[in-house]
Structures are given as C-alpha cells and as structure tokens.
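The values are calculated or read from the model by the stated rules, or taken from the named source; none is laboratory data. In this text, all values refer to a predicted model and were calculated from it rather than measured experimentally. Backbone-built Cβ (ideal geometry, glycine too); neighbour counts: all protein chains shown. Please note that ligands, DNA and RNA were not included when accessible areas were found on the heavy atoms of the full protein model with its side chains. Shrake-Rupley method; radii C 1.70, N 1.55, O 1.52, S 1.80 Å.
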Amino acid sequence: MLNRTEGGPKAKTWLRRAAVWLLWIALWQAIAAMVHNPIIFVGPFEMLRSLRDQLFDAAFWQTIGHSFGKISLGFLGAFATGLALGSLAYRFPFLGELLEPFMSLIRSIPVASFVILALIWIGSGSLSVCISYLVVLPIVYVNTIAGLASTDPKLLEMARVFHMPALKKVRYIYIPALMPYLVSGCKTALGMSWKSGIAAEVIGIPDSSIGEQLYYSKLYLDTAGLFAWTFVIVIVSAVFEQLFLFLLKRFWRQPGQPAGGVEA
C-alpha cells in the first residue's frame, strides 16, 4: 500500500516531464519543417540519423574518449587543488589573502584569452585540460572556503572543550558544513568545465577531439553533424556530472546517512 501511494506521484512526475520533453521535441521538429533548409536548421530526426551513421565507427568512440579523458582530468585536478588550497586558506587566512588576487584574476579573464595564451605556451595537445582546470579551480576554491566558514562555532567550541581529535573534528563537524557548498559548486563547475573545454578544442582543433569534429561540421556546413556532436556533449557531460556527484556524496556519507548523500 505504501509503495502504491509513493509510486503514484512519482509516476505522474515522470509522465509530466516526458510530456514536456516531447512538447519541446515536437516544437523543434515543427521549426525545422518551417525552415526547410538543412544547412540552416535540422530537426531531431536528421540529427539522430547523423548520430546513427557514426555509432559503429571506432573513431567516433575514440574521439569521445579523447575529449572526455582530457576534460575530466582538468576538472579532477582543479577539484583536488581547489579543495586543498581552500582548506589551507581557511586554516591560514594570510594564505587566503595571498591567493585572492590570483583567483580573482582567473575568474575575470575571458576563456578566449586563456585559450590563446595556452596555445602559445603549451600547444593544442593539452589545451582542454588546461582550460578546464583554470575555469574550475576558482569555483571549487571559493565554495570550499565558504563551506568551511559556515561551520557552527558552537560545535567547534564543544569540540575544543571535549578535546575532540582533529580527524574526528574534520569528519563530523567540518565535512557536513562543507558538503552542501561543495556539491553546489561542483554542479556549476562540471558544466563550465565541459563548455570551456569544448570551446578550447574548437579554437585549438587538437586531433581526435570533439572540438575538431564541431569545427569540421561548421567548415563543411554539416548542420546535422553539428547538432549530433552537440547532443553527444550534453549526454556525456550529464553522465559525468551525475557519476561524479554520486561518488562525491557516497564517499563523504556520514554513518547512518542514507545512500543518497547530502542534498545541495
């Protein structure tokens, strides 16, 4: 009886979401039919046909793996660095003062400027790694400091009075305060890492990359291919985001906390 009661609203929610998606897909197809020019605009069926033609090509999966590996590497490196630097800056405020101009500079400089400088300094091979790293780093850094600074001072006072060991203090006081900020920041950073990484690839055109395929789709007026690769980017980035957030919440899950983890 409980499952039937809980399943009803969930089923209605999924049906409503599916109906909304179908409405937008129908609108997309209607616009494509009105434009009736495959160079200017294509519908979902033309995009899926273009995607189907590439699914059994090994180079297609190699291209996805190449870009996924580099952008993910840039994100994970920035996540680890931002978490470490943010923790140190919270612990040692003078370090935070030293890093603040650098982080502000990274946040202010346009991605295109970073891309051009990176092309001059390191070439196109590691371009998406570098750009994803630079875009994500200040986001994780700022959210780490904000999360640690939100720690309840009464809990810290209690820990000091009862001489709680440092590791337990980190696990039971600091991490619960940090996690909502970190999850929220990562949701933004994950999307930004893919947007900036792919944009860098389009400009630098490294071999066997999604950005290279987007560039050639534009060059040859292959609008269906352009839509297909854009769809691939959306799917891959969404899967990576869900997987990373799931692992993050599960890794930091407190004893007795449900497997869903911390909500942002």
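Between segment 134-205 and segment 236-253, the alpha-carbon centres lie 14 Å apart.
Rolling a 1.4 Å probe over the heavy atoms of the protein chains gives segment 1-112 an accessible area of 71 Å² per residue. Backbone phi angles across segment 77-93, fed through the Karplus curve with coefficients 6.51, -1.76 and 1.60 (θ = phi - 60°), yield HN-Hα couplings of x, 5, 4, 5, 5, x, 5, 5, 5, x, 5, 5, 5, 5, 6, 10, x Hz in residue order; Gly and Pro are listed as x. Each residue of segment 108-123 was assigned a 3J(HN,Hα) from its phi angle through the Karplus expression (A = 6.51, B = -1.76, C = 1.60, θ = phi - 60°), giving 8, 6, x, 4, 4, 5, 4, 4, 5, 4, 5, 4, 6, 7, 10, x Hz with x at Gly and Pro.
Across segment 24-114, counting alpha-carbon atoms alone, Rg and Dmax equal 22.3, 62 Å. Thr81 sits with roughly 40 Å² accessible to a 1.4 Å probe, with DNA, RNA and ligands left out of the calculation. Shape analysis of the chain yields a ratio of the Cα radius of gyration to the Kirkwood radius, Rg/Rh, of 1.06. Among Ile40, Ile203, Ile139, Ile31, the order of accessible area from largest down is Ile40, Ile203, Ile31, Ile139, computed with a 1.4 Å probe on protein heavy atoms. When Thr144, Thr230 are compared by accessible surface with a 1.4 Å probe, the order from highest to lowest is Thr230, Thr144.
Cross-link pairs exceeding 20 Å in C-alpha to C-alpha distance, out of Lys195/Lys249; Lys195/Lys218; Lys10/Lys249, comprise Lys195/Lys249; Lys10/Lys249. For the pair Val20 and Asp57, a Förster radius of 25 Å applied to the C-beta separation gives a FRET efficiency near 0.15, rounded to the nearest 0.05.
Compared with the dominant Cα axis of the chain, that is its longest principal axis, helix 2-35 is turned about 40°.
Averaged over residues, the count of other Cβ atoms within 10 Å places the peptides 128-136, 148-156, 163-171 in the sequence 128-136, 148-156, 163-171, highest first. The fraction of accessible area contributed by carbon and sulfur in segment 1-83 is 72 percent, rounded to a whole number (1.4 Å probe; ligands and nucleic acids excluded).
By definition, a body whose alpha carbon gyration tensor gives a ≥ b ≥ c is prolate when a/c is 1.5 or more and a/b is larger than b/c, and segment 182-230 fits this prolate description. Placing +1 on the Cβ of every Lys and Arg and -1 on the Cβ of every Asp and Glu, with nothing else charged, gives segment 114-258 a dipole about its Cα centre of roughly 860 debye. Peptides 113-120, 215-222 ranked from most to least packed give 113-120, 215-222, packing being the mean of other C-beta atoms within 10 angstrom over each peptide's residues. Taking θ as phi - 60° and the Karplus parameters 6.51, -1.76 and 1.60, the scalar couplings of segment 58-69 work out to 4, 5, 4, 6, 5, 5, 4, x, 5, 5, 4, x Hz in sequence order, x denoting glycine and proline.
Computed with a 1.4 Å probe over protein heavy atoms only, the accessible surface of segment 151-230 comes to 52 Å² per residue. FRET efficiency for the pair Phe162 and Ile109, taken as 1/(1 + (r/R0)^6) with r the Cβ-Cβ distance and R0 = 41 Å, rounds to 0.30. The distance from the alpha carbon centre of segment 87-125 to that of segment 22-51 is 41 Å, rounded to a whole number.
Extents of segment 148-251, largest first, come to 70, 22, 19 Å (Cα atoms, principal axes, whole angstrom). Length available on full extension from Met34 to Arg250: 0.36 nm per residue minus the Cα-Cα distance, which gives 73.0 nm.
Give the carbon-plus-sulfur fraction of the accessible surface of segment 116-170 in %, rounded to a whole number; probe 1.4 Å, heavy atoms of protein chains only. Roughly 73 percent of what the probe reaches on segment 116-170 is carbon or sulfur.
Remark: accessible surface ordering of Glu46, Glu212, Glu97, Glu201 (largest first) is Glu97, Glu46, Glu212, Glu201, probe radius 1.4 Å.
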